[in-house]
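Quick notes on the structure that follows.
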């Protein structure tokens, strides 16, 4: 029941999926045990325990016998980098990126404690971050562990980057890191970052993102007593602004799932998120503000779209203005052309594993956008098929068999990417 935590010990609950037997049950795969340990670290906003994550990652680096570098990009915000140097380190590297933070929880809506990493009888592991994206972090690490144990080595260097603050916009994380000298030293050629689960048998792959615009429209008006028909009020202007934004929202909603637009990443979403204004019931306010969250596909002309917003403000009334809390203008897409060597390595490896790939524009925002903004290719990919999309949702979970299969996927993808032949620019 929601709000009542399972009292079973984390390493005893549910059925397990490894070899051997413990207490009458099959022993849990060590990779699953490690995943659950990482999930129990409370790297949750508003006060994520980043120190615990860094200690965990230092331990992983020691186990892998690989060097780890810590780069403080902002006060209290550290990017950790574990590096597996290639036989030809002058070639462009492959970066496996993940973020260490997770979003807040409403504990009363969870069937198990959100930081206990409880595994049920079906092998579903419940925890905040199970999908977004602690699973991918451990899959990277475990794939590298297996490849190293098998004596593999590749021409290109592989960097695992672990960044903070992705869930609060990345401003003190990846956005700052891409401008840091240590980022330049990575000599990045290609990056993998997070994607989304897919409820079907297919795997979703993201090659671009919608631009997030957070906008506040300010509507000044004539103040006065609440008993009169005051002319030119802030509320009247506010209503016109809201109508313009929400009418456009409805048109985009209608376009979704038509022959023109198949996914959320193909349309512009607009959501009204905050309204401010007023001091008392009987006082007509001198200003009212309304804020919107917009996500705009890379196919939209951003300058023309902003002109549309200016028209809406002019039509709403005199002196209506707007400003941005966030305004991303980058529309770079990562090539999914079969002639592109990075995409060819990625897609052909997936095809060899009989994986069906579904290419999409990411509907929200990830750290990939900052990588693409500096002109580097990045693919958003989390190997979670047959799984409902539960990032940021109550009762976020991932099945242990899907998790373990993801490790095998990276065991194949990492060698393919790190083995890409020298590009013409590298010769």
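The values are calculated or read from the model by the stated rules, or taken from the named source; none is laboratory data. All of these numbers come straight from a predicted model, not from anything done at the bench. FYI the Cβ positions are ideal-geometry reconstructions off the backbone, even for glycines, and counts take in every protein chain you see.
How many residues, within segment 1-53, are in a loop (DSSP other than H, G, I, E, B), over 23 Å from the mean Cα position of the chain (by Cα) and at pLDDT 95 or above? Talk me through it step by step, then tell me what you get.
To start, the set of residues in segment 1-53 that are in a loop (DSSP other than H, G, I, E, B) comprises 1-20, 23-24, 27-29, 40-43, 45-49.
Retained after the next criterion (residues that are over 23 Å from the mean Cα position of the chain (by Cα)): 1-20, 23-24, 27-29.
Within this subset, residues satisfying the condition of being at pLDDT 95 or above are 28-29.
Result for segment 1-53: 2.
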* If you scan segment 286-297, which residues turn out to be in a loop (DSSP other than H, G, I, E, B) and either free of Cβ contacts under 8 Å to residues at least 60 places away in the same chain or crowded, with 21+ Cβ neighbours inside 10 Å (or both)? -> 297
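Yes/no matrix, rows are residues, columns are (1) over 22 Å from residue 414 (Cβ atoms); (2) under 16 Å from the mean Cα position of the chain (by Cα); (3) crowded, with 23+ Cβ neighbours inside 10 Å:
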site	(1), (2), (3)
121	yes, no, no
142	no, no, yes
146	no, no, no
155	no, no, no
169	yes, yes, no
176	yes, no, no
180	yes, no, no
* Matching entry among 366, 334, 356 (being touching a residue at least 12 places away in the same chain (Cβ under 8 Å) and surrounded by fewer than 18 Cβ atoms within 10 Å (Cβ to Cβ)) -> 356
* **Matching residues in segment 405-427 - criterion: being touching a residue at least 60 places away in the same chain (Cβ under 8 Å), assigned to a loop (DSSP other than H, G, I, E, B) and surrounded by fewer than 17 Cβ atoms within 10 Å (Cβ to Cβ)** => 419, 421, 422, 423
* Asked: What number goes with the only condition from (1) in contact (Cβ under 8 Å) with a residue 40 or more places away in the chain; (2) surrounded by 18 or more Cβ atoms within 10 Å (Cβ to Cβ) that residue 375 does not pass?
  -> (2)
* Asked: Of the residues that make up segment 215-226, is at least one surrounded by fewer than 23 Cβ atoms within 10 Å (Cβ to Cβ) and under 30 Å from residue 132 (Cβ atoms)?
  -> yes
* Which residues, counting only those in segment 171-193, are touching a helix residue (DSSP H, G or I) at 6+ places or on another chain (Cβ under 6 Å) and under 30 Å from residue 47 (Cβ atoms)? -> 173, 174, 175, 177, 178, 183, 191, 193
* Asked: Can you name the residue in segment 54-109 that is surrounded by fewer than 13 Cβ atoms within 10 Å (Cβ to Cβ), in contact (Cβ under 8 Å) with a residue 60 or more places away in the chain and not in a loop (DSSP other than H, G, I, E, B) and, of all such residues, is farthest from the chain's Cα centre (by Cα)?
  -> 63
* segment 275-285 - residue that is touching a residue at least 24 places away in the same chain (Cβ under 8 Å) and in a strand (DSSP E or B) and, of those, surrounded by the most Cβ atoms within 10 Å (Cβ to Cβ) -> 284
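Hey, which of the helices (runs of 4 or more DSSP H) in segment 302-404, taking only ones fully inside, have at least 3 residues that are over 16 Å from the mean Cα position of the chain (by Cα)?
Details: elements: 302-316, 341-352, 368-373.
Those helices (runs of 4 or more DSSP H) span 302-316, 341-352.
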* To do: Could you list all residues from segment 337-353 that are more than 19 Å from residue 385 (Cβ to Cβ) and surrounded by 14 or more Cβ atoms within 10 Å (Cβ to Cβ)?
  => 340, 341, 342, 343, 344, 345
